[in-house]
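What follows is one structure encoded as structure tokens, with my remarks underneath.
We did not get these values from a lab; they are worked out from the coordinates using the rules stated. Computed from a predicted structure; not experimentally measured. No Cβ is skipped: glycine too gets one built from the backbone with ideal geometry, and neighbour counts run over all protein chains shown.
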Amino acid sequence: MKDVLPQDPDQGRIRQSFRRGLESYHRNASVQAQIAARLAQMLQDQGAPGQFRAVLEFGCGTGHLTGELLQRFETDSLLLNDLVPEAALLLKNLRHTPAQARFEAGPVEGLALPQDLDLVASASTVQWIAGLPALMARLAAHLKPGGWLALSGFGRSQFRELAALGSDAAAPAYLDAEEWPAVLPDGVEILAIEQQPVELEFETALALLKHLRQTGVNGQARQNWSRRCLQDFESAYRARFGRDGKLPLTYDPVLLIARKTW
Ligand SMILES: C[S@@+](CC[C@H](N)C(=O)[O-])C[C@H]1O[C@@H](n2cnc3c(N)ncnc32)[C@H](O)[C@@H]1O
């Protein structure tokens, strides 16, 4: 798995990036909203029960997945987690709040986990986690036998245009669908996995960069943009990827449903 985990992410920078984008995130993260809806649908399609006892969702952000799950499934207890403490506001806006719902801020890698979870869910977050196999093993250890995992991350073509142009905005753990079995511990079986790229189009490089900023997804980027820099970036982007005057940006979501078999 070495090449999957090239570096430890700077969690301070990621937190700052998502915190800054939190207000605009919900409105602008259209791809993540679609992913969350699809992931909840896949969980239902795979025969998950209508009622869970204890659910953990990590990287909940503004609640795209939380809302989709609570629309389809009932749960007695819900633990929400995000690196950004302000994501706790989500709890106030939930429509179908479970009897026991709480939020814990901080990296999920250090979160005290309840025993006997029957669902661990997370959308568009695992790509930020460098020690993914270790986290998956720990999560699986806290799942009940027969418990469910509903996860989405991004594959290696995520923002392929930016990567080709030398951007340092990449998250540390992009994984294609076929790489997931090696990341999950023994005793966890993948029931369904999908990888389907989605392209957004922007009129200008500035609009594209604004989108990245508003959705917080460029958490690792270190570049400050001078006017000259922006012009050079736009010319290079158009020359290499421009289509009908537009600039495409590829998202490469990978969604999976798995179950603990022991
Ligand atoms: C792209 S957002 C996804 C939010 C939401 N799940 C959705 O589908 O819209 C990624 C979220 O993961 C959080 N995050 C990143 N690294 C994390 C970590 N190590 N532990 C917990 N949350 C993390 C970020 O703060 C951010 O809110």
Karplus couplings for segment 121-138 from phi (6.51 cos²θ - 1.76 cosθ + 1.60, θ = phi - 60°), rounded to Hz, Gly and Pro as x? 10, 6, 10, 6, 10, 4, 5, 8, 10, 6, x, 5, x, 5, 5, 4, 5, 5
What residues from segment 223-252 fall in the zone where the backbone N is under 12 Å from a label point 7 Å along the Cα-to-C-beta line of Ala182? none
For Lys144, net neighbour charge (Lys/Arg +1, Asp/Glu -1) across residues whose Cβ lies under 12 Å away: +1
Would you kindly derive the ³J(HN,Hα) couplings of segment 18-23 from the backbone phi angles with the Karplus curve 6.51 cos²θ - 1.76 cosθ + 1.60 (θ = phi - 60°), listing them in order in whole Hz, with x for Gly and Pro? 6, 5, 4, x, 4, 5
Which whole-number value in Å³ per residue fits the convex hull of the alpha carbons of segment 116-241? 115
Rounded to the nearest 10, the angle in degrees between the Cα long axis of helix 205-215 and the longest principal axis of the Cα atoms of the chain comes to 20
In nanometres, the difference between 0.36 nm per residue of separation and the alpha-carbon distance of Ala164 and Gln71 is 29.5 nm
Anchor Lys144: aspartates and glutamates whose Cα lies under 12 Å away (excluding residues fewer than 8 positions away in-chain): Asp116, Asp118
Checking the cross-link filter: which aspartates and glutamates have an alpha carbon closer than 20 Å to that of Lys210, excluding same-chain neighbours under 8 positions apart? Glu23, Glu161, Asp168, Glu199, Glu201, Asp232, Glu234, Asp252
Helix 227-241 axis, angle to the chain major axis (alpha carbon atoms, nearest 10°): 80
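List the equivalent ellipsoid semi-axes of the chain in whole Å, largest first, each obtained as the square root of 5λ for an eigenvalue λ of the Cα gyration tensor.
32, 19, 17
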Amide H contacts under 5 Å for Val188, restricted to residues at least 5 apart in sequence or on another chain and with H modeled in the peptide plane, are Thr261
Name the residues whose placed amide hydrogens come within less than 5 Å of the amide hydrogen of Asp252, ignoring near sequence neighbours (fewer than 5 apart) on the same chain. Gly155, Gln158, Phe159, Val198
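Please find the FRET efficiency linking Gln46 to Arg227, where r is the Cβ-Cβ separation and R0 is fixed at 45 Å, and quote it to the nearest 0.05.
Step by step, r from the Cβ atoms, then E = 0.35.
Taking R0 as 45 Å, what FRET efficiency do you get between Ala207 and Arg53 from their Cβ-Cβ distance, rounded to the nearest 0.05?
Efficiency computed from Cβ-Cβ geometry: 0.50.
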Percent of Cα pairs exceeding the 15 Å cut-off, where the set is segment 111-167: 58
